[in-house]
Structures are given as C-alpha cells and as structure tokens.
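Notes follow the structure.
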Amino acid sequence: MEECKKCLLRESAQEDVYELIKAKIEKLSEKEKSNYDLYSFRLSQCKNCENLISGVCMKCGCYIELRAAFKTQRCPLPYTDKKW
C-alpha cells in the first residue's frame, strides 16, 4: 500500500493506531479537551502542512489528531499563524 502523505490517521490504513488515539482523546476531561470547532480547524491546518506524513507531524513526532485534541497544545512551528 502506498503511503498517504497528507492523510490523517483516520483516513489512512492505520486503523488500529487511530482507535488507540481516539480512545485517548475520549478519556480527556472537558477541561483538557479543545472544543470541536478548534479541533476541526487545527486538523484542517495540519492537512495543508508539508510536515504532515500519515497522521504524524514531522516537526515534533506527534500524532496530530491527539495533539490537536488538547486545548493547551500549540503547533511546533515557530512561524505559524495557525491560531493553535
């Protein structure tokens, strides 16, 4: 299978990894979790980033779907204006 460079985990063949990430996100408290609009915005920004490869940020090594779920997390790019 060819690697999808601009896919999120949920869109790739890595369903088992996505299910683990999804379970971690579901366990976050409301205090920790970003709201749906912010989460969706962050994922849309990451999908357009050259550093996204198969759901992983190549700048910091995180699974972006998990990082975006945390209210206090920020994009690792210092020059970004992603409103993370």
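Quick notes on this structure:
- Ile53 long-range amide H proximity, modeled H, under 5 Å: Met58
- Burial ranking of peptide ranges 65-74, 28-37, 15-24 (average Cβ count within 10 Å, highest at the top): 65-74, 15-24, 28-37
- Phi angles across region 25-33 convert, under the Karplus curve 6.51 cos²θ - 1.76 cosθ + 1.60 with θ = phi - 60°, into 3J(HN,Hα) values of 5, 5, 7, 5, 6, 4, 5, 8, 8 Hz, Gly and Pro given as x.
- Filter on Lys31/Lys59; Lys22/Lys71; Lys22/Lys47 - keep pairs with C-alpha separation over 20 Å: Lys31/Lys59
- Close amide H partners of Phe70, meaning residues 5 or more places away or on another chain with modelled amide H under 5 Å apart, are Ser34.
- The string of couplings for region 40-54 from the Karplus curve (6.51, -1.76, 1.60, θ = phi - 60°) is 5, 4, 4, 5, 5, 5, 5, 4, 9, 8, 5, 8, 8, 9, 6 Hz, one whole number per residue in order, with x for Gly and Pro.
A short reminder: the numbers here are calculations on the coordinates, not readings from a lab. The model shown is predicted, which means the values in this text are computed figures rather than measured ones. Backbone-built Cβ (ideal geometry, glycine too); neighbour counts: all protein chains shown.
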